[in-house]
Amino acid sequence: MKKILAIIFVLFVAQANAQIKKVVADKIVATVGDKIVLKSDIDNKIFDMQRSNPGQVLPPNLSCMLLEQDMGMKALVLQAEKDSIPVSDEDVEGDLDNQIRYFVSMYGSKEMLEKIAGKTVFQIKEESRPMFKERRLAEGERDKIVGSIRITPEEVEAFYNKIPKDSLQFYESELNVGQVVIYPKPSRDVETYEIDQLKQYKKQVEDGTQKFETLASIYSDDPGTKNNGGLLDINRNDKNIDPIFLAKAFALKDGQISNVFKSRFGYHIIQMVSKRGDDATVRHILKIPQVSSIEINETIQKLDSVRKQLVDGRLTFGEAVAKYSEDENNKFTGGLITNPQTNSSDLTIDQLDKGIVMMLDSLKVGQYSQPVQFTDDRGKIGVRIIYLISKTQPHRENLKDDYDKISAAALDEKKQDALDKWFADKVPTFYIKVAPEYQSCPDIRQWLATVAKE
């Protein structure tokens, strides 16, 4: 029953993917209380892992590992039901919406998803709903078991001291980097020109002389939708989409085209393709007014003044970010650049874009770069100054440099021990049955042996 805390939810996306493509063979391979695990649950996950990463070598005992994970999930769900762990319909619906958005991004569009699945988005959600509720219940029970566990400095040191010296990790140089970003403002004449262009596109579509998707593929400045005629699937509750864009889109009727409006990305027109409750498919054209060298130089001068205040100590970096920075991604991290996958601000050189790496080349810790022009991932020109907050040297893992990482690992181990103890206490109280072909799995044998003792 080891490692349940770490891996019980790792393959959940694979389990959800099984709702899209199902393997035919099916039988009950395990029972935990009144919960069952089907052979298709295991086979579908393996199938999806093979499909998603054709070159990866799967462990020979993968079926055993997946079955133990599923049995662990069922045990947590059983206890969560007994403990009346609350799970709201709104939470489950939000999880389902996020999963559908993941599928849509993976397959390219809602229509392609429905074509591949052979069922509607509504049917996919309804089939997945019990599984998502179980996940919420299991997470709630797990949090009840380990949520209040804390770690002391003495426990961290004891954890570190028991790691064999030749097993200590080697870390590359890691950096904490901050930035202040300002986007030059285009002239009013340029903005007016782009607005007039969008108005003309709207008129051409409404007159029937042009198709919206044709204009989008030629003129839109959105690289993410330009090649598919501006097509975009959206959800009313998606926090990653500009709220002005969402409000304008959901005010439209099917086929209707919005007036020109401004978001934080630029100027848009939207055509509503279809709307289904909180979900919608739209086409849009984005125009980003271009800035001249005059606006860029003015912004460089403004940031140079900010840099002087930072260097002189008249302004803290946090104050500069709060007062001047226009980067939405970094503003709420105090200007820190983070890894979007882990949200960590401890970055290696290869995790930073090349422009920042070049700016860091001449900086020492605590120094600020000169203002430099750059182009962001939306194609928008900006100017930024970089602050090198800290930089570690390549080193073997140690308490001085890596206390936070070691502390997190020690806390994970302490939580895992608590979860293992919980399983040891609770499993004998559940009815357990496993198909013969899985009874030889090492971890499954532990489940059966625990039950046999009672």
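Take Phe212 and decide whether it is modelled with pLDDT of 90 or more, under 16 Å from Lys380 (Cβ atoms) and surrounded by 20 or more Cβ atoms within 10 Å (Cβ to Cβ).
Working: modelled with pLDDT of 90 or more: yes; under 16 Å from Lys380 (Cβ atoms): no; surrounded by 20 or more Cβ atoms within 10 Å (Cβ to Cβ): yes.
For Phe212, the condition - modelled with pLDDT of 90 or more, under 16 Å from Lys380 (Cβ atoms) and surrounded by 20 or more Cβ atoms within 10 Å (Cβ to Cβ) - is not met.
Please verify whether Ala249 is in a helix (DSSP H, G or I) and surrounded by 16 or more Cβ atoms within 10 Å (Cβ to Cβ), treating the condition exactly as stated.
Values: in a helix (DSSP H, G or I): yes; surrounded by 16 or more Cβ atoms within 10 Å (Cβ to Cβ): yes.
Yes, satisfied.
Kindly indicate which of Asp207, Asp233, Asp221, Asp238 is exposed (fewer than 14 other Cβ atoms within 10 Å of the Cβ) and outside the structural domain of Gly379 (by TED's automatic domain parsing).
Working: Asp233 fails: exposed (fewer than 14 other Cβ atoms within 10 Å of the Cβ); Asp221 fails: exposed (fewer than 14 other Cβ atoms within 10 Å of the Cβ); Asp238 fails: exposed (fewer than 14 other Cβ atoms within 10 Å of the Cβ).
After ruling out the rest, the residue left standing is Asp207.
I need a count of the residues in region 419-437 that are surrounded by 14 or more Cβ atoms within 10 Å (Cβ to Cβ), part of a helix (DSSP H, G or I) and of a type in the set (A, V, I, L, M, F, W, C).
Number satisfying all stated conditions: 4.
Just checking, how many residues over region 79-93 are in a helix (DSSP H, G or I) and under 12 Å from Arg142 (Cα atoms)? If you could, list the steps in order and put the result at the bottom.
Step one: of region 79-93, the residues in a helix (DSSP H, G or I) are 79-82, 89-93.
Pick out the ones that are also under 12 Å from Arg142 (Cα atoms) and you get 79-80.
Count: 2.
Which ones in region 370-379 are under 17 Å from Lys302 (Cβ atoms) and touching a residue at least 40 places away in the same chain (Cβ under 8 Å)? Outline the logic, then answer.
Quick first cut of region 370-379, residues under 17 Å from Lys302 (Cβ atoms) only: 370-374.
Gln370, Pro371, Gln373 - these are the residues of region 370-379 that are under 17 Å from Lys302 (Cβ atoms) and touching a residue at least 40 places away in the same chain (Cβ under 8 Å).
Do we find that Leu303 is over 28 Å from the mean Cα position of the chain (by Cα), under 18 Å from Glu206 (Cα atoms) and either without any contact (Cβ under 8 Å) to a residue 60 or more places away in the chain or assigned by TED's automatic domain parsing to the domain that holds Ser325 (or both) in this structure? Break it down into steps so the answer makes sense when it comes.
Values: over 28 Å from the mean Cα position of the chain (by Cα): yes; under 18 Å from Glu206 (Cα atoms): no; either without any contact (Cβ under 8 Å) to a residue 60 or more places away in the chain or assigned by TED's automatic domain parsing to the domain that holds Ser325 (or both): yes.
For Leu303, the condition - over 28 Å from the mean Cα position of the chain (by Cα), under 18 Å from Glu206 (Cα atoms) and either without any contact (Cβ under 8 Å) to a residue 60 or more places away in the chain or assigned by TED's automatic domain parsing to the domain that holds Ser325 (or both) - is not met.
Going through region 123-156 one residue at a time, which ones are without any contact (Cβ under 8 Å) to a residue 40 or more places away in the chain and either among the hydroxyl-bearing types (Ser, Thr, Tyr) or closer than 25 Å to Val87 by Cβ (or both)?
The answer is Gln123, Lys125, Glu126, Arg129, Pro130, Asp143, Gly147, Ser148, Thr152.
Find all pairs meeting these conditions: Cβ atoms under 9 angstrom apart; at least six residues apart or on different chains; first residue within region 338-360 and on the phi > 0 side of the Ramachandran plot; second residue β-branched (Val, Ile, Thr) and surrounded by 12 or more Cβ atoms within 10 Å (Cβ to Cβ).
Taking only residues 6 or more apart or on different chains, the pairs are Asn343/Thr333.
Against the condition basic (Lys, Arg), surrounded by 14 or more Cβ atoms within 10 Å (Cβ to Cβ) and assigned by TED's automatic domain parsing to the domain that holds Trp422, how does Lys74 come out, does it pass?
yes
Return the residues of region 45-101 that are among the aliphatic types (A, V, I, L, M), more than 22 Å from Val29 (Cβ to Cβ) and without any contact (Cβ under 8 Å) to a residue 24 or more places away in the chain; say none if nothing qualifies.
Restricting attention to region 45-101, the residues satisfying the condition of being among the aliphatic types (A, V, I, L, M) are 46, 49, 57-58, 62, 65-67, 71, 73, 75-78, 80, 85, 87, 92, 96, 100.
Now narrow it down to the ones that are more than 22 Å from Val29 (Cβ to Cβ): 57, 80, 85, 87, 92, 96, 100.
Correct list: Val57 only.
Being free of Cβ contacts under 8 Å to residues at least 40 places away in the same chain, surrounded by 13 or more Cβ atoms within 10 Å (Cβ to Cβ) and in a helix (DSSP H, G or I) is the filter here; which residues of region 112-121 pass it? Give the steps one after another, and end with the answer.
Applying the first criterion (free of Cβ contacts under 8 Å to residues at least 40 places away in the same chain) to region 112-121 yields 112, 114-115, 118-120.
Right, trim to surrounded by 13 or more Cβ atoms within 10 Å (Cβ to Cβ) and you get 112, 114, 119-120.
If the condition is that a residue be free of Cβ contacts under 8 Å to residues at least 40 places away in the same chain, surrounded by 13 or more Cβ atoms within 10 Å (Cβ to Cβ) and in a helix (DSSP H, G or I), then Met112, Glu114 are the ones that fit.
In this structure, does Thr299 turn out to be modelled with pLDDT under 95 and either within 18 Å of Gly379 (Cα to Cα) or hydroxyl-bearing (Ser, Thr, Tyr) (or both)? Talk me through it step by step, then tell me what you get.
Numbers: modelled with pLDDT under 95: no; either within 18 Å of Gly379 (Cα to Cα) or hydroxyl-bearing (Ser, Thr, Tyr) (or both): yes.
Judged against the criteria, Thr299 is not a match.
Looking at Ser390, Ser407, which is the one that is of a type in the set (S, T, N, Q), in a helix (DSSP H, G or I), closer than 30 Å to Glu172 by Cα and under 29 Å from the mean Cα position of the chain (by Cα)? Break it down into steps so the answer makes sense when it comes.
On the way: Ser390 fails: in a helix (DSSP H, G or I).
Checking each option against the conditions leaves just Ser407.
The values are calculated or read from the model by the stated rules, or taken from the named source; none is laboratory data. Just so it is clear, the structure is predicted and the values come from calculations on it, not from any experiment. For neighbour counting, all protein chains shown are included, and Cβ atoms are generated from backbone atoms with ideal geometry for every residue, glycine included.
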